[in-house]
Each structure stands twice: as C-alpha cells, then as structure tokens.
C-alpha cells in the first residue's frame, strides 16, 4: 500500500475519485460487488419467469397490475438517475454545495418512488394478494421488494454521505464514496427498467 | 457407430471387472444393476460398460506414465535419469493429450445421445400398461387406471410389455427406482413425470426410493412381481372383484406421515391423481397445482383452469 | 442432567429434539468452557485475544483463524462420518434413532463443504496469496476480517443446533418441499438456511476481495502470464464464488421465507415449484464443486514443481485449462438431476458439457505427470499427497464421466455409486490438496516444518483408509443401495461391503488423530526454520522470513520471471539484500473491532430468527446497520509504520545490509 503514488504524482487528467490508487482499487471492488448484485437479480428474474404463470387461485398479473403508479415510479426513478449524474458532474468540478443539493434531490425522488411502491403493495394486500396466495405473487414480491429494499438502503447511504461531505468536503475518499453510490443508483435504475419491461409491461399483456 | 455389434464383449469384460466382488460375496445376482431383466436396464448397462471401458483406457495410460515417472525420477544419489529443470513444454505431447480425451469422450458421447433419445420414446406398436404413481410420506400408491385397481407398496406387472409410470408426489420428492428394470425418475408435487420400464422375464424384483424424504424413508422398499400377461389380467380382475375399495377417507389415512406394509384395493377415487394425462414429453401440459396442502382437500386442477 | 434444565431448554427452544448423548456432550462443553474462561482470566489473556486476534485485519492472522476453524470442523464432520458408518455397518441396526441419523448425515455434508472445505481453502488463500504476488495485504483488509467473522458466525450458528438439539435433517442439499413447515416443523432447517446465508455473504465478500487483490495488487513485473498457478487458481476461484453464491443466497432466502414469513415459493400448495430450488441450488452447486477443487489444482501445481526441482510443464496450457473449467462449470448443473424429467434435449446438452469439462481436467493431469518427468522427485509429505492425488483423482474423474452418460446416470443417480464418486474427487482432490498445502506452507505460517515422519503416518492412514472406505461403495451402488438410508434389510447382500467401508472410516479417523498429533507435537517441539525457504521454493513467499513480519515486504519486489524467487536465486540474490535506503514508511491497515462486532450482530439476527424471537432479531438487525454506518464514518482505518521500525525488524532477522 505504500507503493501507492500520491495524488499529485498520478495523472492529473483522472477524475477526482480515481486520483488515489487505493480509492481506484475500491472502485474496482465496488464494480465486482455489483456483479454479485446482478447475479442476485438475475436469479430473482429467472424465478419470476418460471413462476409467472403459477398464480394458483390468486390473481394473475393481468388482473393485478395497475400501470398508473408504475409509470409514476418509473418517471421518479429515471429522473433521480439523471440528478445523481449531475451531482457527480458537480463533484468533479469541485462544487460541494451543488453536489449535496443534487444528492438531496435524488434522495427525495427515491423516497417518492419507494412510497408509491409501498402504496402498491398495500393495495395488493387489501384484495388479498399477498405472497402467501401463490408462487407467482411470492416471486413478484421478492423481485420488486428486493429492488425496493435496495433503493431504500441507497437513500440512507446517501444520507450518511451527506454528513461526510459536509464535514470533509470533496476529497479523494469522499469523492470515491459518492461515485460508488452513483454507480449503485444507476444500477438500480437499470434493474428497474428490466422490471418495468419484463414484469409490468409483459405481465399486463401475457397472462 | 455400431454400438449394438460391440455390446457382447463389453459385457463380458465388465463382468470380469467386478468378478472379484462377485466372488467375495458369492452372489453375483445381487449386483442388480448389472443383471437387468428388461430392455431399459439393458441399454443403460451397455452404456455403463462402454463408458467404463473407455475410462479404463485412460486410467491404464495415465497410471503407466505416472508410475514410470515416479519410479524413474526419484531424487536419489546416482540416479542416471536425465535431469532437465528448464524443460517446460512440448508442443506435440501437449496436443496429443488434448486429442486423446476428445476421441475417448466421442466414443461415449455418441451412444449417450442415441440411448437418451431412444429411452424417451415408448417402443412403437405396443400398448403400455399405465400405472399412476404417487409417492406419499412414506409409502407408494400405485393406481392402475386401465384395471381400476390400486396397490400400496406392491407392484404387479405383465412381462414383455412396456409399463408407463406417471409419477407425481403428494409428499416431499422421492424417486421411483426398480434397479433390475432400469433407472429412476423423480416424483414431485405439482408435476407429473413419465418413466417407462419393462420386464422380459417373470420373477420377483424389488424397488425403492432413491431420494431421502424423512425419517420413514428407508421403509419405502417394495416388491415388484412380473408375471405373464395372462396371469396379470387374472390378478387384476381378481383384485378388482375382491379387494376393498380405496375411499377418500382411506386415502386421507394414507396421507398420514407413517410407514405401512402392502395393500391391495379393488378401486380408487377419481381425484387422487392429476386429471389430465401428461403426454410423454411434458411441454406445458404436465404442470399441475394443488388447491391445498397435503392435509387439506386433494383436488388437483390443471393450471389453465385457474387463469380465466 | 436435571429435568428442569431440559424443561427450560424446551420452553425457550420449542420443537427441538435432544438426544441423551448430546446432553452429555453439552455438559462436557459447559465444563470445558468454564475451564477455558478461568484459564484465560488467570493468565490475563483476554486483552491479548482481543488485540491480537479478534480485531486483527492482518491476512496472515486471519489465515490462522480460518485454519483453526477448518480443523475443528474437520473433527466435527469426521465424527459425523464415523457415526454414519457405525449406523450402516450392519443391516437393521439402531445404533442411533432415525431422526438423529438424518441430522448426522445432513450436518456431515454441510459442515465438510461449507465449514471445513471453504475455510480451509480461504486459510491457504489468506496465508499465501498476498505473499506470492508481492503485496502487503489483500485489497480490502477490513472486509477480509468481516468475511471471516461472518463465516464464523454462520459456523457457530450451524453448530449450536447440535448443542441445543434439533439440527437440520434434510440433507446438505435441503430440497423442498421436505424443508417446508408441513414436513419439517422444527427449527433445524432455519439454522441451516440462516447459517448458510450469513456464511455465504462472508464467502461472497472473500471472492470480491481476492479477485480484486489478484487483479490489482500484484508486484511490478508480475504480468498475468508470470503469476504462479496458485494465484491463477485463486483468481478463478474468486470469480466462481462471485457467480455461484448469489443464486444460492436467493434459493436459501426463498426457502427461509417459506418457513418464516409464509411465502409460497416451493410449497406443496399455492402453485409452489420445488424444482426451481433444485435449479438454483445446483446453479450454485456445480461451480461450488470447482470452487472446492481449483484452488487445490493451484496447490498441486506449486508443490509438484517445487519437489520435482523443475519448472511446471505446459504453463500456458495449465492456465487455459483452468479458464476452460471455469467457463464450462456453469454449463453442467443439470447433471445433478437428469432424472427430473427435463427431457432428452436438455439432458444430452448437459451430459455432453459434463464430458467436455473432463478434457481440460485430463490435460492438467498429464501436465503434472510431465512436470515430474525429467525432474528429481523429493518424497516430502506435501509431495506424497500430490502423488496420492493423481491416481485417486483420475479414478474419481473416470467415474464422473460414467455418470455423465445420461442413461447410465438413471441407474447411478442417488445410489452409493454417486457417493463413492464425489468422495473420490472431494477427498482425493480437495482434502489431499488441502493437506498438501498445509504441509507445504506450514513453515511459512508458523515458522517450523511439520514433523515429516509423523506426517507420513497420517498420510498413509488417510490414503489407505480412503480407498478401504469408498471402493466398496461403488459396488454397493451397483447392488442398488441408495444414499441417506437409515438402515437396510438383510438379504440384499449389502452388509459385507458396508463392514469393509466402516473399517476404512475408522482408519481415516486414525489418520485424523495422527494429523492432530503431528500438529500439536510440531507446535511444541518443532524446530524453528531460520532460512525462510526450507523447501528451496520457487515463488515469492519463500523470499520472506518465517513467520512473515506484519508488513510482509520491507521493499516491494520487482518480478522478472515466472518463478520469481527461483529466478532471483539463479541470479545470485541472497536474503540479506536489503539496503537501509530502500526502506520507507509503510501504510498498514489498522486493527478494528468492526468486523467482529458485525459477526456478533449477525449471529444475534440469525439465532433470533431461528426461533422467531422477532424483537431480538430486530435489535440485531439494527445493530448490523449501526455498525455498517459507523464504519462508513471511520476514516482512521490505517496507520503508518515508521521506516525505523521496519529497519530494526529486518535487521533483527538478519536481512539488512550493513
């Protein structure tokens, strides 16, 4: 680790989060972690694909899904991916206040997404469509629920980052943390696009 | 690949290979897998023997090189064998041992493909005897839809005719295995899987479950009696006429988590087995769901019925 | 045992089954625990334990922790094996009740794979990988410690089921719906799922850690094609872990939710699909087999080169074959259930892919033999295990190809033929490899060679015991004996072979005793190795003193050839080569209680969920998040080792010039 060159020795053209060798290794590590998360979601998607038709005596996807809230959720999450992108852009230009503002906006959009999703689940429960009802609902709940839990976790993560940014400003280390958070957030956005397409759109058409 | 022409010598070689074990126990017939009495078991045995011989070639080759190397290149004073510490590759040799396994595996792979497809088809021109098998905790329920009889932990089958088992479970998974007739297949809740076997010689064989399913699982042995088709018809009609019927109430008794001996039933209720006969390949139509768990109602509905 | 204690246990832990022999062992554990507590307090060792071991992030110490856990678990799994063999020796015996037998074969498999094999492999990775690539630690030392404590937490949770009663009893594969509440109401399967999920998270993090370590932390000059084969195997294994454990975690979590929260993934009713579990499990399970053996391919490649005094034969081909195995291992999982009605097309595909994977494996065998060819073979214990491995693994591989012939597998499936096959490859490949690695790197880890004479005794007991145990089991498979049978009727001709097999198990048990004696004897009387290079080794770890100082390399080496240290020795470099100017301040990771506390918090969650103590589980979960957040705010996770201190240490080891 002592072989790590100091920031000023490294290529000055590198973005701030890659400037330190150790932080750069951390980013590699986070990408590697994302691979495992992709595999988690891949397993959940394949389970859903297999169990989609196993609605038993419960409602089918065509009967259950309401596209209105889903469109809203999609809109909120896609926008939040854009705002965190702007945040990283601000970070690379050293604007800590702008970065924090964009992060707060991202968190709010995320919170909107989660609350709409929770609302959906409650309305499903009201008509008796819980994951006890059928394998289809189990698979649906765990796939969408895992994604929702990821988003929720991301909101709290961003909150802890705000405190760190406030205290320390943009350093190689906080920049790396914000950058990995943005990777995580974009990743959740991509997963949602798959959920939107293969679960909601497909489920509304194919019984 | 003329697989059939080669089978006899392979068979004798393999029998020689296990001769030691056979002699030590004095009872070769107990190697049930090596003494099949029907076409399914026979084809599976031939493939085993072919694979064993191909692998024996590998083993002999590797062992020869290995023992020679270990004997010759010991670190002993005065060892005259050449010492070449920088020798790190040889193109021809390395290519050679990519090719050898490829050739040997091709020898196994071709008949594997042939036999796998062959065993998935019932022999043409023969009407099979259908037996609906449900594994219960911890017993086997065999229903004969053609004969309208049912048995528990006992099978009687005609010789010379394929027997089509339709397998499901109202219990954890099990596998139906009658080693002398041929290989096993799983029984699974919410699915019906097919398996066909055939006995060519009359006799008393045994079957078992190969998949652990709880504390009474080792009691899932059952007897399989193969008799002439005529005797089978006599047995079936006699059972139908004289044995007590299996009622829904007594079916629920069977669902209890316990072991039991053999039983014969003169008839059985309609809904104890999934109602649509699965085809021999299970695309789509083979999937069923239960309305309730193992202790509630036992009705089955095909999935399409619930998705209007 | 007084009745009120039994009553108390049953109130707190409903539906557990306590066996009298376990109560006796519990009593022993309590007495032993109190004894240990008094000893630690009397000798004032608690602080030492906390500072040196519980909070350490040093990969070399974590390696020792993994090793201790692995050997303890080898003992536990071995006792289970002996009990299985005792029960099966004769027909119709009731050496123990059926339910206990079911628990014993379940814990045997689970422990040997997840809590013996994996940690033993990680012990070797931790002990050697950074040293071999010229690094001062792994990429993420703190996460490395977390991995260990999550593994330990999982292992303890799993073993506690034995102490309280009610171990899991659904086999190490835990197929639903037998694991569902309808058939398995006790807490046993909760232990299984929770322990494996928690330990699995740790394992996944280890995979990430060693993949990034081997990709990013190599010393200058160590290009990919100059990496020792063991590093290649660590890299490939880590990648396999990365892709294999997520499906397992998902499958286990779904089974757990079916039990705890009433979902309907794999249930008998509500459209549940048990087969999906089987698919996900083996999507993990088959790569897992290679996770268990590829690291040992690496060990054998190092051992055979060192003790043949010769370069590894066909290095590029060895690398290519390891990569081929990695990719192919994801395309073979259905061969674990050809008999589940997937149809001939699917079965043929997976049968052929399984045969295909035999090709790169076979190529490796030839290359090992030709590494010895033209060398000078030294019969050390490490080399003996390598020499035992080749014929054993070849036969295990051959029977594996027989199993890949799909219709033949219809007859072999779930029979003792399969049992014999996978013990043949797991013991012949994994265990022999682990022991080979243990004897080979022990001097590097502990500073003295394991006694070779005693090691030979243990080796021959293991080797002979193995064949006596498992060759009869091939024949039992041909006689129609299926696995996991509690007992079997007389008259099927099974019992002679079973008696032989049990005798073999006893011989292997004696081998284990000899191994432990060897270790203890060496720890007490072992002769200190002062060279740091007792085997005349070829790779960088042998350029360091034994045991290795905290910072590993006072100066990061520059690599010019494949066998870097051999190359340096050929060029006449000596050990005392370091000039004082080469030594600078070194940044090292600081010890931290975070990983240990995280393990404790996870344990609370796991144990509380097992018995559905919801509030306590909630507290544990809050603890987990609190610790993670706290860790995020901790920026003081490293410290600087002063150059002066390093110089002093190196000088005391006689490695500093002037």
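Below is a table of values for the structure above.
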| item | result |
| --- | --- |
| Overall form of region C:510-553 per C-alpha gyration tensor (a/c, 1.5; a/b vs b/c) | prolate |
| Proxy reagent accessibility, fewest Cβ within 10 Å first, across A:123, C:579 | C:579, A:123 |
| Order of B:218, B:94, C:581 under a 10 Å beta carbon neighbour criterion, fewest first | C:581, B:94, B:218 |
| Calculated [θ] (222 nm, deg cm²/dmol) that DSSP helices of n ≥ 4 give over chain C, each run adding -39,500 (n - 2.57) | -22000 deg cm²/dmol |
| Residue-span extension gain [residue B:102 to residue B:59] - 0.36 nm each, minus C-alpha spacing | 14.0 nm |
| Where only C-alpha atoms are counted, convex hull volume of region C:229-272 per residue in Å³ | 72 |
| Counting all C-alpha pairs of chain C, share separated by more than 38 Å (%) | 34 |
| Average beta carbon contacts from partner chains per residue of A:133-144, 10 Å cutoff | 5 |
| Whole-angstrom Cα spans of region C:246-342 along principal axes, big to small | 63, 28, 17 |
| Descending Cα extents along the principal axes, the protein assembly as shown, whole Å | 103, 84, 67 |
| Tilt relative to chain C, helix C:141-164 - C-alpha long axis, 0 to 90 degrees, to 10 | 30 |
| Where Rh is the Kirkwood radius over Cα pairs, Rg/Rh for region C:510-658 | 1.15 |
| In nm, spacing of pseudo-spin labels at residue A:146 and residue B:83 (7 Å Cα→C-beta vector) | 5.8 |
| Between region C:107-151 and region C:75-105, the alpha-carbon center distance in angstrom | 30 |
| Difference of contour (0.36 nm per residue) and Cα-Cα distance, residue A:49 to residue A:92 | 11.4 nm |
| Cα radius of gyration and Dmax for chain A (Å) | 19.8, 66 |
| Calculated FRET value between residue C:50 and residue C:8, using beta carbons and R₀ = 22 Å, to 0.05 | 0.10 |
| Cβ-derived FRET efficiency at R0 41 Å, residue C:612 paired with residue A:166, nearest 0.05 | 0.50 |
| Between 0 and 90°, nearest 10: helix C:188-216 axis offset from chain C longest Cα axis | 30 |
| Shielding by partners, peptide B:190-196 (average Cβ within 10 angstrom, other chains) | 4 |
| Cα centroid of region C:341-420 to Cα centroid of region C:1-34, whole Å | 44 |
| Segments C:616-625, C:108-117 sorted - mean Cβ within 10 Å per residue, highest first | C:108-117, C:616-625 |
| C-alpha long axis of helix C:432-446 to longest principal axis of chain C, angle in ° | 40 |
| Relative contact order of chain C, pairs being alpha-carbon contacts under 8 Å that are 6 or more residues apart, as % | 17 |
| Residue A:66-residue C:657 pseudo-label distance in nm [points 7 Å out on the Cα-to-Cβ vector] | 8.0 |
| Kirkwood Rh in Å, taken over region B:57-152 so that all alpha-carbon pairs contribute | 20.2 |
| C-alpha center-to-center spacing [region A:103-152, region B:81-129] in angstrom | 50 |
| Inter-chain shielding of B:117-129 (mean C-beta neighbours from other protein chains, 10 Å cut-off) | 2 |
| Sum of -39500 (n - 2.57) over DSSP H runs of 4+, divided by residues of chain A (222 nm, nearest 500) | -26000 deg cm²/dmol |
| Counting DSSP beta bridges with both ends in the protein assembly as shown, the antiparallel % (nearest 5) | 75 |
| FRET efficiency, 1/(1 + (r/R0)^6) with R0 60 Å, evaluated for residue B:230 and residue C:626 via beta carbons | 0.15 |
| Proxy reagent accessibility, fewest Cβ within 10 Å first, across C:138, B:133 | B:133, C:138 |
| Region B:203-253 - Rg and Dmax from Cα coordinates, angstrom | 15.0, 39 |
| Extension gain from residue A:206 to residue A:14, taking 0.36 nm per residue of separation minus the Cα-Cα distance | 64.3 nm |
| Largest-first principal axis extents, alpha carbons of region C:478-560, Å | 70, 35, 22 |
| Per-peptide average of other Cβ atoms within 10 Å, ordering B:148-158, C:552-562 highest first | B:148-158, C:552-562 |
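Every read-out reported here was derived from the displayed coordinates using simple, explicitly stated rules and does not represent laboratory data. Because the structure is a prediction, the values reported are computed rather than measured. Every residue, glycine among them, receives a Cβ derived from its backbone with ideal geometry; neighbour counts consider all protein chains shown.
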